[in-house]
Amino acid sequence: MLRIGDVRVHHVEEWQGTFLPPSEFFVGYDEATFRSFAPGLTPQYYRDDADSIYAFLQSWILEVDGIRVLYDTGAGNAKERPGIPIFGSLDTPFLTRMAAAGFAPDDIDIVICSHLHIDHVGWNTQLHAGRWVPTFPHARHLFSAIERDYWDPEGQGARPTAAGAFVNTNVFEDSVQPLLDAGIVELVGEGYRVSESITLRLGPGHTPGHLVMDVRSAGDSALFVADILHHPAQVYCPDWNSPFCEDQPQARLTRRRVLEDAADRSALVVPAHFGGVHCCRVRRHGDAFEPVFAMP
Ligand SMILES: [Zn+2]
């Protein structure tokens, strides 16, 4: 468990493993540059023997201001995922791990999906008698309105020319629409106040309505940045995108802005997919940054 001021933060793992070689994962990749910091990232974030980045799918539960907030819901079980088969037909004990952390689905008051990609909305629903039904039926689910409009089957993100169209096949239908149908979604935007300690910030680029969760409590702060930062290599090289970033120039601008903000206020940075201790602080290094992995 982490603490951010008075906020208690619980980590729930869904999946971990090798994913892609860095040369395929990073847009703008440079081998010599990667090799300069790779030893410090091995093996928690990079596996030399497989030449692959090492990644997690994970969620965070915050006990804050008298409520319980779940940030991001992984890939989910039993979903058909032709776009990224490695995240399809999963059968993980995610809910058992949540219970081990002390939380049943009905304990969650608010679910926040940073964005509506395949690996951030999965546990929104589970299969029950052949239908996808909400896993957290008593929770209010917060998505960005921009994101909902973009990934709707009629929206731009679903068009074949969009970067994530194939990757996100079936995702809106089985993990978002059932919540809209149940009337448990609140569409939000920049500056939305979740509680006294939590404000949502728009961080567009990876997807157009990507939300950063800004947590401030008792003089400490944390930025839950989800996929603005997939891997520690992007702290050293903030101009390296992933191929899954919808708007590549905007993704670079947002990553730099968020890292500058984190460095300036010594905020804990909590991305969606980091291995190791799953979070870091960052400090400026030349015109880029470097991660500091000590637990808070
Ligand atoms: Zn992701």
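Computed over all pairs of different Cα atoms, the Kirkwood value for the hydrodynamic radius of the range 187-296 is 13.9 Å. Other residues whose C-beta falls under 9 angstrom from the C-beta of His206 contribute a net charge of -2, scoring Lys and Arg +1 and Asp and Glu -1. Under the combined filter of DSSP loop state and at most 15 neighbouring Cβ atoms within 10 Å, the range 120-188 retains these chymotrypsin sites (Phe, Trp or Tyr not before Pro): Phe166. For the chain, the fraction of 1.4 Å probe accessible surface lying on carbon and sulfur atoms is 50 percent.
Shown are His120, His128, whose ranking by accessible area with a 1.4 Å probe and every protein chain present, most to least, is His128, His120.
Is the C-alpha gyration tensor of the range 193-247 telling us rounded, prolate or oblate? Criteria: a/c under 1.5 is rounded; beyond that, a/b larger than b/c is prolate, otherwise oblate. The shape class here is oblate.
Both numbers refer to the Cα atoms of the range 85-159; Rg and Dmax are 13.8, 41 Å. In plain terms, the chain from Leu20 to Asp48 could stretch by 8.9 nm, reckoned as 0.36 nm per residue minus the Cα-Cα distance. Once amide H atoms are built 1.01 Å from N in the peptide plane, which residues 5 or more positions from Leu57, or in another chain, come under 5 Å H to H? Distant-sequence amide H within range of Leu57: Glu14, Trp15, Gln16.
With N the number of residues in the range 1-129, Rg(Cα) / (2.2 N^0.38 Å) evaluates to 1.21. Adding -39500 (n - 2.57) for every DSSP H run of four residues or longer, then dividing by how many residues the chain holds, sets the calculated 222 nm ellipticity at -5000 deg cm²/dmol. Note on exposure: Tyr54, Tyr45 ranked by accessible area (1.4 Å probe, complete protein assembly) read Tyr54, Tyr45, with the most exposed listed first. When each of the peptides 38-44, 133-139 is scored by the mean number of other C-beta atoms lying within 10 Å of its residues, the order from highest to lowest reads 133-139, 38-44.
Computed over neighbours whose Cβ is under 15 Å from that of Ala38, the net charge equals -4, Lys and Arg +1, Asp and Glu -1. Between Asp107 and Ile67, full extension at 0.36 nm per residue minus the direct alpha carbon distance yields a gain of 13.5 nm. What is the calculated FRET efficiency for His138 to Ser89, with r their C-beta to C-beta distance and R₀ = 22 Å, to the nearest 0.05? Efficiency, rounded to the nearest 0.05: 0.20. In this structure, Ser266 and Thr199 have a Cβ-Cβ separation that, at R0 = 22 Å, corresponds to a calculated FRET efficiency of about 0.80. Per-residue extension of 0.36 nm, minus the Cα-Cα distance of Glu154 and Glu186, leaves a gain of 9.5 nm for this segment. Kirkwood's formula applied to the C-alpha pairs of the chain gives a hydrodynamic radius of 19.1 angstrom. The Cα trace of the range 1-69 gives Rg and Dmax of 16.4, 49 Å, the first to one decimal, the second as a whole number. Against the criterion of solvent-accessible heavy-atom surface with a 1.4 angstrom probe, Asp107, Asp91, Asp214, Asp65 sort, most first, into Asp91, Asp65, Asp107, Asp214.
The values are calculated or read from the model by the stated rules, or taken from the named source; none is laboratory data. All figures in this text were calculated on a predicted structure; none of them were measured in a lab. So basically every Cβ, Gly included, is an ideal-geometry build from the backbone, and we count neighbours across all protein chains shown. What goes into the accessible areas is simple: the full protein's heavy atoms, side chains included, and nothing from ligands, DNA or RNA. Shrake-Rupley method; radii C 1.70, N 1.55, O 1.52, S 1.80 Å.
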